[in-house]
Each structure stands twice: as C-alpha cells, then as structure tokens.
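One structure is given here, and the rest of the page talks about it.
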Amino acid sequence: MTQELKETIIKLKGKGLGYKAISRETGVSLGTVKTTIRREEIKKESSGTCKCCGMTMKQTPGHRQKEFCSEKCRYKWWSSHPELRNRKAFYELKCLNCGKTFISYGNKNRKYCCPECFRTTRRKVCKNEQ
C-alpha cells in the first residue's frame, strides 16, 4: 500500500466516514482499512511533546504518558508553575521549645519550629544530664 493511499484513508476517517464507506471509496479491503486506521492511532498515541521544551518524545504503550523529556525539564516546568502543585499535607503544630504555632508540610511529627529551638532544647537536656 502506498503512503498516498494511507493518507487518503486517514483523511476520509477524519471527515467522519465509516470503515465500509472508506473501503468502497478507496477500493481497499475492509480489514486493510481497519488496520491502517488503527496503526495511525497507535502512532499518534506513541508520541507526545515535552511540556517544557516542546521536544517530541516516544511513549511506551500500556504505560502512563510521559509529560517531560528529562528530569531537568520536569524540574524547570514545576519551578515556574508552583500554583499548579496539589499540596494537601499541611499540619499546624506547636513548638515544644518556644510554644509558637507553626505549619509543617508533609511531616506531622515535627516537634520544633526551627533548628534554633531544636539546638536550644538539646543544650538544656545535655546540661541537665551532667
């Protein structure tokens, strides 16, 4: 089958024609029309573009779609779009040293609001032990 015939089949499908109508119009068997269309759909699904740089990427069938071509692009894009992050794990806690209320992201077991409070508490414990 020529590339020209494949393109004709894809164009006819894009216009909304069914498999039988395409088969009749092009003179190609019904099975060949179905196979050609399916292969083109797989080609479309198997490639994507990076959200950051726009580079074309090859997708692996049966796996989650890739959004970025590299870790560098992923980091760059998320750094420039912080408002799109879905952050839910905020905890309001009370510091054991100074009693100040602070917000911790992702760790509900924190005990101190800052490293200084932690160090102060550790010094007190060490002095009491001596």
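Readers should treat all values here as calculations from the given coordinates under stated rules, not as data from a laboratory. Model, not experiment: these values are computed from the prediction. For neighbour counting, all protein chains shown are included, and Cβ atoms are generated from backbone atoms with ideal geometry for every residue, glycine included.
Quick one: what Rg and Dmax do you get for region 21-92 from the alpha carbons, in Å?
Looking at region 21-92, its Cα Rg and Dmax stand at 19.9, 70 Å.
Any idea how far apart residue 19 and residue 60 come out in nm if each label point goes 7 Å out from Cα toward Cβ?
3.0 nm
Place a +1 charge on the Cβ of each Lys and Arg in the chain and a -1 charge on the Cβ of each Asp and Glu, then give the dipole magnitude about the Cα centre in debye, rounded to the nearest 20.
On the way: 31 positive and 12 negative charges, 136 e Å.
Computed charge dipole of the chain: roughly 660 debye.
Positive end of the charge dipole of the chain (Lys, Arg +1 and Asp, Glu -1 on Cβ, about the Cα centre): tell me which of 78, 33, 68 has its Cα farthest that way.
78
Which number do you get for Rg(Cα) / (2.2 N^0.38 Å) in the chain? If you can, show how the numbers build up before the last one.
On the way: Rg = 29.6 Å, N = 130, 2.2 N^0.38 = 14.0 Å.
My calculation over the Cα atoms of the chain gives 2.12.
On full extension of the chain, what length is gained from residue 104 through residue 89, given 0.36 nm per residue of separation minus the C-alpha to C-alpha distance?
Details: separation 15, 0.36 × 15 = 5.40 nm, distance 0.83 nm.
Computed gain between residue 104 and residue 89 is 4.6 nm.
May I ask for the distance between the Cα centers of region 1-76 and region 92-112, given as a whole number of Å?
Between the Cα centres of region 1-76 and region 92-112 lies a distance of 52 Å.
State the extension gain, in nm to one decimal, for the chain segment bounded by residue 96 and residue 26, taking 0.36 nm per residue of separation less the distance between their alpha-carbons. Display every interim value, and only then the final one.
On the way: separation 70, 0.36 × 70 = 25.20 nm, distance 7.88 nm.
Working it through step by step, the gained length comes to 17.3 nm.
Which order, highest average first, do 1-8, 107-114, 33-40 follow once you tally other Cβ atoms within 10 Å for each residue and take the mean per peptide? The partial results should precede the final answer.
Working: 1-8: 11.2, 107-114: 13.5, 33-40: 15.8.
Averaged packing, sorted descending, gives the order 33-40, 107-114, 1-8.
Going by the alpha-carbon gyration tensor, a ≥ b ≥ c the square roots of its eigenvalues, is region 1-43 rounded (a/c under 1.5) or, if a/c is not under 1.5, prolate (a/b greater than b/c) versus oblate? Intermediate values should be presented prior to the final figure.
On the way: a/c = 1.33, a/b = 1.19, b/c = 1.12.
In terms of gyration-tensor shape, rounded.
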